[in-house]
Amino acid sequence: MIDSGANWVAMGRIKGAFGVRGEARVAPCFLPVARILPDTAPMRELSSDWLLTQTRWELGKAAPPEVQVTVRSGRRHGDDLLVTLENWEVREQIQTLAGMAIWLPVDQLPDPGAGRHYWFRLLGCRVVAMPDPEMEASDGSATCPPEEAGPGLPNAGAGLEREIGVVSELLGTGSNDVLVVTQPDGEERLLPVIRDVILAVDEAGKTIRVRLMPGL
C-alpha cells in the first residue's frame with residue numbers, strides 16, 4: 001500500500017543494514033499508472049529504476065519526512081535495492097533508519113503522459129455520470145458545442161450530471177484497469193478505465209466524468 005499525502009508520496013521503505021559494506025536494503029514501491037488511451041505507448045508503473053535516479057531522498061515514518069539523505073550508489077538485489085548513503089556508512093547507524101519510508105515530492109514525479117494518471121491521484125475522486133448523447137438526441141435535448149463542453153463531454157452542464165460515488169480503490173487487469181467506486185449507499189460499482197467510459201479526469205478538481213455503458 002502506497003501512502004500519499006498532499007505533497008509527498010512514498011516510493012519505498014528502508015528495511016535496514018545489509019552486509020558489511022555500508023549498504024542499506026530498500027523495499028521499493030511501485031506507482032501504478034491508469035492508462036485511458038489504449039493506443040498510447042504503455043507506462044504501467046513508475047518503477048524502482050526511476051527511484052535510483054533520484055539522489056536526494058527524504059526519510060520518515062510519515063510525511064512530512066524528518067531525515068534527508070544523499071544516495072551515492074544503488075543496485076538491484078532480487079526484489080529489493082541496495083544503496084549506499086553519504087555519511088551513513090556504519091551498520092549500526094544505518095539500522096536506525098529501518099522502517100522509515102522514502103518520501104519524494106509529488107511534483108517531482110515524471111509526467112505519465114497524455115491519457116495516463118497515477119493511481120494514487122485518482123483515489124478519492126468524485127465520479128459523476130454524464131447523459132448518454134444518443135438518449136439526448138432521441139428526446140430532442142440540445143448538446144453544448146465541443147469547444148464549450150470540452151473534449152468528449154456532451155452537454156457538461158452541472159445540472160445534468162449524476163453523482164455515482166467516490167473512487168475507493170483501483171484494480172489492475174490484463175486488458176485495462178478498473179475503478180472501484182463506493183456509492184452513497186455503501187455499495188461498490190466497478191467501472192473499466194477505457195476511453196468509452198472515462199470521459200474526463202480533473203485531478204485538480206478531484207472529479208472523474210464517465211458515461212455509463214449498458215451493464216455498468
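The number of residues in region 84-94 being free of Cβ contacts under 8 Å to residues at least 40 places away in the same chain and not in a helix (DSSP H, G or I) comes to 2.
You will find that of Leu97, Leu81, the residue that is surrounded by 14 or more Cβ atoms within 10 Å (Cβ to Cβ) and assigned to a strand (DSSP E or B) is Leu81 and no other.
I need the full set of residues from region 173-189 which are touching a residue at least 24 places away in the same chain (Cβ under 8 Å) and either exposed (fewer than 12 other Cβ atoms within 10 Å of the Cβ) or touching an Asp or Glu at 6+ places or on another chain (Cβ under 9 Å) (or both), in order please.
The answer is Leu179, Val181.
Laboratory data are not the source of any read-out in this text; all were calculated from the coordinates shown. These figures come from a predicted structure and were not determined experimentally. Glycine also receives a Cβ, built like all others from the backbone with ideal geometry; neighbour counts cover every protein chain displayed.
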